[in-house]
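Notes to accompany the following structure.
Here, each number is a calculation from the coordinates, and none is a lab measurement. All of these numbers come straight from a predicted model, not from anything done at the bench. Positions of Cβ are generated from backbone atoms using ideal geometry, with glycine treated the same way; all protein chains shown enter the neighbour counts.
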Amino acid sequence: MAAVLISDLPAAERWYRRHAGLVRITHWINVVCFSLLLMSGLQIFNAHPALYVGDRSDFDHPTLSIRARRSKAGIVGETVILGHSFDTTGALGASSEDGQISQRAFPSWITIPSDQDLATGRRWHFFFAWLLVLNGLVYLASGIASRHFGRDLLPSREELGHIGREVLEHLRLRFPRGAAAKRYNVLQQLAYLLVVFVLFPLMILTGLTMSPGIDSAVPQLLVLFGGRQTARLIHFAAASGLVLFVIVHLVMVLISGVWNNLRSMITGWYDLGTPRTTDVQ
């Protein structure tokens, strides 16, 4: 057996137009909107860093709270989830600011603005929330018209049967090459469907539910989500799910070929011709 290097694909087969122009534009607008929505949202959360279930705030029994308390050692940050307390000093509840411990749920470096300013945070949040909604509607209309969702994101029964294999391939850091890289794998398809049709809609609808004006016009939203406080909890959970997706997405981009992936999302063109080694008899 001898190791043989498989050369790059012919130029005509090497470059594949992976992302349409509108997909790329809406993707980068989403990146900006979600980043600023997250940072301004944490600013708003800092004004009352606790979450509840129902229509009213049960101050004595929050589902989640991030707070600071004084101890003999000084100010301690504390995160409480379903009654279980965790010391999160330095990250949540109490963090360093200008060399001193500051009592804030989320630290200043991750909020917009960096100082505690609820009014400004709300202005940032509402502006980019509506921009996100408009951008999402454009993406949905384009995806339906171009059949992008059915063609690229909806997995077939055969692909669903390969979930276990895809998980193992990812754990081994083995990614599709050549013609196989033209199509999203089943894990990507399921993740994108979850983001596009579950997490983002949940975040938008629960955000609207927290608005008294929207509640007056569409009171059914309060019934749907079980009250304003439950909507706030779901809003936080959906945003957290999106953050988790972004982290995994960025890791996958880095380890599967950062420049090739970036090029495809900027220019649309993806290089299929990465050489690899195989054994022949």
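In table form, for the structure just shown:
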item	result
Angle between the chain longest axis and helix 21-47 axis [Cα atoms, degrees, rounded to 10]	20 degrees
Long-range HN-HN contacts of Val218 with modeled amide H, under 5 Å	none
Cα centroid separation, segment 246-265 to segment 126-140 (Å)	24 Å
Dipole axis of the chain (+1 Lys, Arg; -1 Asp, Glu on Cβ), positive-most option in Ser71, Met265, Tyr52	Met265
Cα long-axis angle, helix 228-266 against the chain (0 to 90 degrees, to the nearest 10)	30 degrees
Ranked list, fewest to most other Cβ atoms within 10 Å of each Cβ, for Met265, Met203, Met39	Met265, Met39, Met203
Selected from Ile214, Thr88, Thr26, residue furthest toward positive end of dipole (the chain; charges at beta carbon)	Thr26
In degrees, nearest ten, helix 118-145 long axis to first principal axis of the chain (Cα)	30 degrees
Computed label-point distance, nm, for sites Arg183 and Glu97 using a 7 Å Cα→Cβ extension	5.2 nm
GNM flexibility winner over the chain from Leu193, Leu244, Leu51 (Cα, springs under 10 Å)	Leu244
Rounded Å value of the spacing that divides the Cα centres of segment 93-112 and segment 141-164	43 Å
Shape category assigned to segment 27-75 from the gyration tensor of Cα positions, a/c cut at 1.5	oblate
Exposure proxy order (Cβ contacts within 10 Å, fewest to most) of Thr120, Thr230	Thr120, Thr230
